[in-house]
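I have placed the structure first, in the form of structure tokens, so that the comments after it can refer back to it.
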Amino acid sequence: MELTQIEQLNRFAGFGIGLASLFTENVLAHPCIVLRRQCQVNYHARHYHLTPFTVINIMYSFNKTQGPRALWKGMGSTFIVQGVTLGAEGIISEFTPLPREISHKWNPKRIGEHLLLKSLTYVVAMPFYSASLIETVQSEIIRDNTGILECVKEGIGRVIGLGVPHSKRLLPLLSLVLPTVLHGLLHYIISSAIQKFVLLILKRKTCNSHLAESTSPVQSMLDAYFPELIANFAASLCSDVLLYPLETVLHRLHIQGTRTIIDNTDLGYEVLPINTQYEGMRDCINTIRQEEGMLGFYKGFGAVIIQYTLHAAVLQITKIIYSTLLQNSV
């Protein structure tokens, strides 16, 4: 196999694998994110949907009664939130000494500055995250056709106190800073630590197998791309599972007082209003524990299982396709 062919195949593989991963995380997983969030904010719900089987059943009901849009709503706004987050991080790091990356020669001061940058970024993105959350849980039955930039408009409106009328139960943005930053930082720290740990183990395993026996060109190319994807997968999975109860609390606080009408996740049809009256993060935790039990923090957890099962399947299929292409080319 010629060197130029190997380089071309490498470029194609890198692009294809990256695209498959991006598609899975942001597009294929979106119905799971929609249902998971609807279950999390539905304090009325008697069915907690802790397993994939009940989640698939309710997804089918939503699709049947409202059409496919019921499971894909708010997808554009999730991309906007990601864009705002990346943009805010870039701008803040550009105009301040706060580092975007931590070099190998790190120290506690640099880590603190880096985490401060992340915290400021989460604060800037917070009103847009609220608007995006509303778009993903608002029922299609009563929802108007919103434009793709509605999330930006609503986010700015939330900051300056204009736009859609809210009830008196709406928590001020200042009250949402602590849970939002806490969830964001913990998610970032856990996922970063697990990603580095898994990557270290996989690279050490790869290095040992290279020393033990001569590795084929196919395996060498697989080793160049897949450890990072597996590490990212493990990091996202662990941080989502560990922080699921905190995410439930966060979403309930963000949605309170926004006059949002959600789908009935018990029946698959009809709609329900959100009328919670939490005073803050501690009150929300205590209320869920008393009224819904400890499993109340895990409402919709079956959607997470489906989301990461799909992600694992796409990774495996991508690996098989890539291996077949390489073997045919070598």
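The values are calculated or read from the model by the stated rules, or taken from the named source; none is laboratory data. Note that this is a predicted model, so its numbers are computed, not measured. We place every Cβ from the backbone using ideal geometry, glycine too, and count neighbours over all the protein chains shown. The protein model used for the area step is the full one, side chains on, heavy atoms only, and it has no ligands, DNA or RNA in it. Shrake-Rupley method; radii C 1.70, N 1.55, O 1.52, S 1.80 Å.
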| task | Return the residue satisfying two criteria in turn: it lies in segment 293-306 and is open to solvent by 20 Å² or more (accessible area, probe 1.4 Å) and in contact (Cβ under 8 Å) with a residue 24 or more places away in the chain, and of such residues it is farthest from Thr24 (Cα to Cα). | result | Leu295
| Within the bounds of segment 163-175, is there any residue that is part of a helix (DSSP H, G or I), among the basic types (Lys, Arg), modelled with pLDDT of 75 or more and within 29 Å of Thr265 (Cβ to Cβ)? | no
| message | When you scan segment 120-137, do you find a residue that is open to solvent by 40 Å² or more (accessible area, probe 1.4 Å) and without any contact (Cβ under 8 Å) to a residue 40 or more places away in the chain, even just one? | response | yes
| remark: Inside segment 255-297, the number of residues satisfying the requirement of being of a type in the set (Phe, Trp, Tyr) and part of a helix (DSSP H, G or I) is 1
| said: Filter segment 55-70 down to the residues that are of a type in the set (D, E, K, R) and within 16 Å of Thr136 (Cα to Cα) and list them by number. | reply: Arg69
| field | Options Leu35, Leu50; residue that is outside any helix (DSSP H, G or I) and either at pLDDT 80 or above or of a type in the set (Phe, Trp, Tyr) (or both) | value | Leu50
| request: Might you let me know whether segment 100-114 holds any residue that is hydrophobic (A, V, I, L, M, F, W, C), open to solvent by less than 60 Å² (accessible area, probe 1.4 Å) and touching a residue at least 40 places away in the same chain (Cβ under 8 Å)? | output: no
| What is the number of the single condition among (1) basic (Lys, Arg); (2) modelled with pLDDT of 95 or more; (3) more than 29 Å from Leu170 (Cβ to Cβ) that Lys118 does not meet? | (3)
| task | Could you tell me which residue of segment 230-248 is surrounded by the fewest Cβ atoms within 10 Å (Cβ to Cβ), considering only residues that are modelled with pLDDT of 95 or more and hydroxyl-bearing (Ser, Thr, Tyr)? | result | Tyr244
